[in-house]
Amino acid sequence: MEGQGKYTTKDGNKYVGAFEQNRKHGQGVMTCPDGTVYEGTWVEGKLEGQGKDTQKNGFVYVGEFLQDCKHGHGVMTYPDGNVFEGTWVEGKRHGQGKYTTVDSKVLEGEWKEGKFYNGCGIQVFSGSVVKEGTWVEGKMEGQGKHTSKDGEKYVGGFVQDNYHGHGVMTFADGNVYEGMWMNGLKHGQGKQTSLEGQVVEGEWKDGKIYNGSGVLVLPNGAVHEGTWVEGKMEGQGKYTTKDGNKYVGAFEQNRKHGQGVMTCPDGTVYEGTWVEGKLEGQGKDTQKNGFVYVGEFLQDCKHGHGVMTYPDGNVFEGTWVEGKRHGQGKYTTVDSKVLEGEWKEGKFYNGCGIQVFSGSVVKEGTWVEGKMEGQGKHTSKDGEKYVGGFVQDNYHGHGVMTFADGNVYEGMWMNGLKHGQGKQTSLEGQVVEGEWKDGKIYNGSGVLVLPNGAVHEGTWVEGKMEGQGKY
């Protein structure tokens, strides 16, 4: 093709203009299906010299081209109305140029491979990030300003794009730090003031208070009040965690150490001696539900001799190991019932007395290795009352059981069941007597009243009724 003509490709690109040797050559316009338009001078099929590139997304470039690339002097208008005018190389801003925003912020100087390299002005990034100052070899140097995407604002010195030297930072939570910076971190003398006016002042190191005193409010809401020596709290101070735990007392090496009191949001209070952050030695633990322990601690656990007062007024005094009653101790109820002896992992192990459980369960007698042995008493939660022998926590030997329905059995037991010679009398005076086996009448006679109200009257042989009887 030669001279003026039109050409449409199979994918919809349309060129109208001059041709030479079957190639776009001279003035012409290329329109793409997506709305992008290239217009200007073409040389051997490619844009060269002056031209215009209008993109579908609103970018408009007017200026010089080389081999289809923006190259030379040109003006780019961005979709948001901002404008760059300057030198381009192979499609990128490269060389002297000036970038002006719609609200007249100007960034002027040298660009390199698309980025600002040397110069000064205001640079606006996505996400509301704004930098204002001087750039040397692509990095901010000297005095400047920086607003981050989360709203933090810094005004002060820069070195190699980092906060460096004296500067003031207003944090997103309202805290303000004024003082020295190094490599982007608070470093040197400085003062930080919270939104509520709390101040911590002194020497900072690597972003943290190092030597100084005051009230430090952290971004997560935690509050430290006291004195810092080489980056750690020392001496008397206060510490409130983000979830509301409050400690008032002595610190050493940034840990609770010495006398202090810890109060929790639910009302629980720990007070006493702390060693390396944990309760050690004498202390007091007052729980929100009414449990109060006074005694020895080890590694935050009740350990050693101590007295626990329970919400119902009952009291245990004795030895604790790793938070559990373990060793010799005495448990006294408000109505003077006493259980005294050896405890193991929180349970009564060897000794005698009266043990009261939840649901009105009461055991009275002697315990050997955690189980009742010998003569004792047991009242169950449904009102059954047993008085007699025990072996391995089971009714065993001679005993009397008064059942919840009023029936009374007196006789022999084995492994918790009626077993051997015995007599059972109903509330109405009906009696069945003889040999029992595994909880049931086996050989005997009389009137047997069952818990469901059924009545058997007659003779039993090997667990079955035989001969004349009633049912």
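The values are calculated or read from the model by the stated rules, or taken from the named source; none is laboratory data. Fair warning: this is a prediction, and the values are worked out from it, not measured in the lab. Using ideal geometry, Cβ is built from the backbone for each residue, glycine included, and neighbour counts are taken over all protein chains shown.
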Problem set entry | Selection count where residues are assigned to a loop (DSSP other than H, G, I, E, B) and surrounded by fewer than 16 Cβ atoms within 10 Å (Cβ to Cβ), scope region 246-263 | 1
Seminar exercise, completed: Counted residues in region 344-393 being in a loop (DSSP other than H, G, I, E, B) and under 20 Å from Gln328 (Cβ atoms) come to 4
Exercise. Looking at region 287-298, is at least one residue modelled with pLDDT of 95 or more, more than 25 Å from Phe357 (Cβ to Cβ) and either out of contact with any Leu (no Cβ under 7 Å at 6 or more places or on another chain) or of a type in the set (Gly, Ala, Ser) (or both)?
Worked result: yes
Problem set entry | Test set (1) modelled with pLDDT under 95; (2) under 20 Å from Glu178 (Cβ atoms) - Gly221 fails condition number | (2)
For this session: Quickly run through region 47-67 and pick out the residues that are of a type in the set (D, E, K, R) and modelled with pLDDT of 95 or more.
Result: Glu48, Lys52, Asp53, Glu64
Exercise. Counting only residues that are out of contact with any Gly (no Cβ under 9 Å at 6 or more places or on another chain) and among the charged types (D, E, K, R), which one in region 1-33 is nearest to Tyr61 (Cα to Cα)?
Worked result: Lys14
Problem set entry | Residues satisfying the stated conditions in region 268-280, i.e. β-branched (Val, Ile, Thr) and not in a strand (DSSP E or B) | Thr268
Seminar exercise, completed: Scanning region 323-343 for residues that are of a type outside the set (D, E, K, R) and not in a strand (DSSP E or B), the one surrounded by the most Cβ atoms within 10 Å (Cβ to Cβ) turns out to be Thr333
Exercise. Can you name the residue in region 162-180 that is modelled with pLDDT of 95 or more and on the phi > 0 side of the Ramachandran plot and, of all such residues, is surrounded by the fewest Cβ atoms within 10 Å (Cβ to Cβ)?
Worked result: Gly165
Exercise. For region 154-195, how many residues are free of Cβ contacts under 8 Å to residues at least 24 places away in the same chain, under 18 Å from Met140 (Cβ atoms) and touching a Ser or Thr at 6+ places or on another chain (Cβ under 9 Å)?
Worked result: 2
For this session: Please work out which residue is surrounded by the most Cβ atoms within 10 Å (Cβ to Cβ), limiting yourself to region 281-322 and to residues that are acidic (Asp, Glu) and assigned to a loop (DSSP other than H, G, I, E, B).
Result: Asp300
Exercise. Is it true that Tyr78 is closer than 23 Å to Glu110 by Cα and at pLDDT 95 or above?
Worked result: yes
Exercise. Do we have any residue at all in region 35-44 that's of a type in the set (Phe, Trp, Tyr) and under 18 Å from Thr87 (Cβ atoms)?
Worked result: no
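Quick grid of which residues meet (1) assigned to a strand (DSSP E or B); (2) under 42 Å from the mean Cα position of the chain (by Cα); (3) within 30 Å of Ala222 (Cα to Cα):
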| residue | (1), (2), (3) |
| --- | --- |
| Gly97 | yes, no, no |
| Tyr117 | yes, no, no |
| Met140 | yes, yes, no |
| Gln143 | yes, yes, no |
| Gly157 | yes, yes, yes |
| Gly179 | yes, yes, yes |
Exercise. Is at least one residue of region 5-16 within 30 Å of Thr87 (Cβ to Cβ), assigned to a strand (DSSP E or B) and in contact with a strand residue (DSSP E or B) (Cβ under 8 Å, 6 or more places away or on another chain)?
Worked result: yes
Exercise. Do you know which of the residues in region 438-471 that are loosely packed, with under 14 Cβ neighbours inside 10 Å and acidic (Asp, Glu) is farthest from the chain's Cα centre (by Cα)?
Worked result: Glu466
For this session: State the number of residues belonging to region 334-370 that are among the hydroxyl-bearing types (Ser, Thr, Tyr) and under 23 Å from Gly388 (Cβ atoms).
Result: 3
Problem set entry | Set Glu234, Glu225: member being in a strand (DSSP E or B), closer than 29 Å to Leu298 by Cβ and in contact with a Lys or Arg (Cβ under 6 Å, 6 or more places away or on another chain) | Glu225
For this session: Starting from region 90-108, take each residue that is under 17 Å from Glu64 (Cβ atoms) and list its partners that are charged (D, E, K, R) and exposed (fewer than 15 other Cβ atoms within 10 Å of the Cβ), counting only C-beta distances under 7 angstrom and pairs at least six apart or across chains.
Result: Lys92/Glu113; His94/Glu113
Problem set entry | Selection within region 83-95 - assigned to a loop (DSSP other than H, G, I, E, B) and either under 16 Å from Val60 (Cα atoms) or in the same structural domain as Val136 (by the TED database) (or both) | Gly91
Problem set entry | Out of Gly327, Gly272, sole residue that is at pLDDT 95 or above and over 36 Å from the mean Cα position of the chain (by Cα) | Gly327
Exercise. Out of Asn394, Asn350, which single residue is in the same structural domain as Gly446 (by the TED database) and not basic (Lys, Arg)?
Worked result: Asn394
Exercise. Of the residues in region 181-221, how many are in a strand (DSSP E or B) and farther than 27 Å from Lys131 by Cβ?
Worked result: 14
